[in-house]
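What follows is one structure encoded as structure tokens, with my remarks underneath.
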Amino acid sequence: MEQRPGVFLPHEKQVNLDLEPLSDYETLIQQFYTVDANTVAGSDQLDVHKLMGQDMTISKDAEGPQILIYHTHAHEEFADSTPGDMSETIMGVGERLTTILTEEYGYQVLHHLGQYDTESRDDSYAVALGDLEALLQQYPSIQVVIDLHRDGVAEGTRLVTEIGGKTMARFMFFNGLSRTKKNGAIDYLYNPYIQDNLALTLQLKLMSEQYYPGLARNIYLRSLRYNLHLSDKALLIEVGAQTNTLHGIE
């Protein structure tokens, strides 16, 4: 995938990916996806040429924030986080990402600091939804919506890689398909942007593989919606896990 206008990549490609082998559905799935046992994605959805052919660029010309960053699970901590210090949870990662996107890439970013998992994680997505809809109505300039998380893994798992001599946490793009393998589409979790969301994560995953091989994990596909219906450019990203240190995510 070639560099597009408005996308700044500070390093040269390390790998040139040939899309043709990925035209084979099984090859694409094996190399770039992890599909949860409760859902299914067919070759009609995961067509590499269609997904890569969608224009997912955004404009910097709009007045107001172009990117919204928020946290459905704001209290997700890292191995060495200070208990109770929200700047050392995934919210601190969101603040760092906001700084990078603003100062290095020139985007206008709104980092929303709402906390929706204070009482319980079980209904955090439903609790957050009203506030997110209000923000998108208040700021129609927003084109990209990022829900930033920290993954939870087995205690013996270390999601790390080394790039340029520095050890860092791996991250993962996550898609909700609003479909279970047993019952099909979940009508009450309708998302008109499923294909757009899939296009965005695949394009970003392939870009990452070319410039930073091994940094991005396989894209995870799961059955529910996870508020990804809020935008055609909605992302859920898992940065590291509870076994990573704060230093390891910088």
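Keeping the other protein chains in place, figure out the carbon and sulfur percent of the accessible area of the chain, with a 1.4 Å probe.
Working: 6100 of 12450 Å².
That share works out to 49 percent.
How big, on average over all directions, is the shadow cast by the Cα convex hull of the range 1-132, in nm²? Let's see the in-between values first.
Numbers: hull surface 46.7 nm².
Mean projected area for the range 1-132: 11.7 nm², to one decimal.
Let me test this: with uniform point scatterers at the alpha carbons of the range 143-207, what is the Debye-based log₁₀ I(q)/I(0) at q = 0.13, 0.21 1/Å?
The calculated log intensity ratios at q = 0.13, 0.21 Å⁻¹ are -0.57, -1.07.
Could you work out the pair-distance distribution P(r) of the range 51-105 from its alpha-carbon pairs, with 5 angstrom bin width and percents rounded to whole numbers?
Going out from 0 Å in 5 Å bins, the range 51-105 shows 4, 16, 18, 18, 15, 14, 8, 6, 1 percent.
What relative contact order, as a whole-number percentage, does the chain give when Cα pairs under 8 Å and 6 or more residues apart are counted? Mind showing how you got there, number by number?
Values: 464 pairs, mean separation 72.8, N = 250.
Computed over the chain, the figure is 29 percent.
Accessible area per residue for the chain in Å², computed with a 1.4 Å probe and the full protein assembly in place, what is it? If you can, show how the numbers build up before the last one.
Working: 12450 Å² over 250 residues.
Accessible area per residue: 50 Å².
Could you work out the relative contact order of the range 80-163, using alpha carbon pairs under 8 angstrom and six or more residues apart, expressed as a whole percent? Show your work: numbers first, answer last.
Numbers: 25 pairs, mean separation 17.4, N = 84.
Result for the range 80-163 is 21 percent.
Pick out, in residue order, every one of the chymotrypsin sites (Phe, Trp or Tyr not before Pro) in the range 161-225 that is DSSP loop and has at most 12 other C-beta atoms within 10 Å; say none if there are none. Write out the running numbers ahead of the final one.
On the way: sites: Phe171, Phe173, Phe174, Tyr188, Tyr190, Tyr193, Tyr211, Tyr220; in loops: Tyr190, Tyr193.
Hits after loop and neighbour filter: Tyr190.
When we measure straight from the Cα of Lys60, which aspartates and glutamates land under 19 angstrom away, once same-chain ones fewer than 8 places off are left out?
In chain and number order, the partners are Glu103, Glu104, Asp232.
The values are calculated or read from the model by the stated rules, or taken from the named source; none is laboratory data. Because the structure is predicted, anything quoted here is derived from the model rather than measured. Glycine also receives a Cβ, built like all others from the backbone with ideal geometry; neighbour counts cover every protein chain displayed. Side chains are part of the model used for accessible areas, which takes the heavy atoms of the whole protein and leaves out ligands, DNA and RNA. Shrake-Rupley method; radii C 1.70, N 1.55, O 1.52, S 1.80 Å.
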